[in-house]
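Worksheet: the structure to be examined is printed underneath.
Throughout, read-outs are computed from the coordinates displayed, never taken from laboratory work. Please read these numbers as outputs of a predicted model, since none were measured by experiment. Every residue, glycine among them, receives a Cβ derived from its backbone with ideal geometry; neighbour counts consider all protein chains shown.
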Amino acid sequence: MDKTLSVTGGSVRLGDIVAIARDAGAAIMQIYTGDEAEWETKTKTDASPLTAADLTANALICERLGALDPAFPIMSEENKQLDFDARAGWTYYWCVDPLDGTKEFLKRNGEFTVNIALMRNAPAAGGEDAPHGAARPVLGVVYAPATGVAYFAASGVGAHVAPAPDGAAEAPLAAASFKESDAGLTLVCSRSHMDDRTAAFVASYTDAATASMGSSLKFMLIAEGKAHVAGRDAACDTHVGGGGRTGPCTSPKPFNTHPHGRARAAHDAFGGTAG
């Protein structure tokens, strides 16, 4: 895990970001295993739940990322976002979802993650940075607090998984190669967002198997080669497995492009760094 990514003004050590995610996960688990009366569950304006675990993890991550050198702006799921005109000028920024899968947290099924990604303005045709702050991931970490498994990737480094906190069992990730027309593909769907649109998407495949998983863990199944396509928002989410998959949406999605855009979770960013 002792890998570094060169950035403007210095470098970022991948292991440092994994350590931040693990520490945030430990803070989440301390609340998760405690009295539910102390979860302080609220409902946000978009009708999604918010708990003390979300806010505690967010505070820890933002403090630790802010202490790194070089320091970059932070776009977090739980922070108030700056005006788009300010964000559009960022060269690098951290994209954070401190607790992805709060609904799974509330169900106490363990299927939630800590997501952190480093984003950079994307080179457009001709080698210039894309306009209006369009960004691509250059580093991503997805950590599952309930199991202790960390997934991480960076440009030029590749994608890896470390089941053990000390990284002793670190192994490279390899997504499955497939064609969209293949029969028997495994489609992984959100445990909390199965709807008619997703069901119709699954039905469009031949003899497809399905698996349900909460939060960004469903995308990690794709990164590990255990599944092929993500059912929710599948028209563009299938890219998360990285270069190994040959289905639709081969180009990574742009980020930070909308005036009202919120932080995009690192599970979206993960695949863009894996190839």
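Across the cross-link table entries Lys107/Lys218; Lys3/Lys179; Lys44/Lys107; Lys80/Lys103; Lys42/Lys107, which are compared at the Cα atoms, the separations over 24 Å belong to Lys3/Lys179. The label-point distance for Ala71 and Lys107, in a model that sets each label 7 Å from Cα toward Cβ, rounds to 4.0 nm.
Modelled spin-label separation between Ala164 and Ser204, with each label point placed 7 Å from Cα along the Cα-to-Cβ direction: 4.4 nm.
Modelled spin labels at Ala211 and Lys80, positioned 7 Å past Cα toward Cβ, are 4.2 nm from each other. Simple rule: put +1 on each Lys or Arg Cβ and -1 on each Asp or Glu Cβ in region 4-173, find the dipole, and look at Leu14, Pro172, Leu68; the Cα lying farthest toward the positive end is Pro172. Translational diffusion of region 1-63 was estimated from the Stokes-Einstein equation, with Rh taken as the Kirkwood radius over Cα pairs; at 4 °C and 1.567 mPa s the coefficient is 96 µm²/s. When Thr102, Thr147 are arranged by Cβ crowding within 10 Å, least crowded first, meaning fewest neighbours, the order is Thr147, Thr102. Sorted on the mean count of surrounding Cβ atoms within 10 Å across their residues, most packed first, peptides 73-79, 217-223 read 217-223, 73-79.
Taking 1.567 mPa s as the viscosity and 4 °C as the temperature, the Stokes-Einstein diffusion coefficient of region 4-173 based on its alpha-carbon Kirkwood radius rounds to 77 µm²/s. Legend: calculated FRET efficiency, Asp16 to Ala52, from the Cβ-Cβ distance at R0 = 45 Å, rounded to 0.05, equals 0.95. In whole percents, the pair-distance distribution calculated for region 17-116 from its alpha-carbon pairs, binned every 10 Å from zero, is 15, 47, 29, 9, 0. Could you tell me the relative contact order of region 4-173? Use alpha-carbon pairs under 8 Å, at least six residues apart, and round to a whole percent. The value is 19 percent.
How would you order 58-65, 15-22, 114-121 from highest to lowest mean count of nearby Cβ atoms within 10 Å?
On the way: 58-65: 18.9, 15-22: 21.6, 114-121: 28.0.
The peptides rank, most packed first, as 114-121, 15-22, 58-65.
Remark: the Met29-Thr4 segment gains 6.2 nm on full extension, using 0.36 nm per residue and subtracting the alpha carbon distance.
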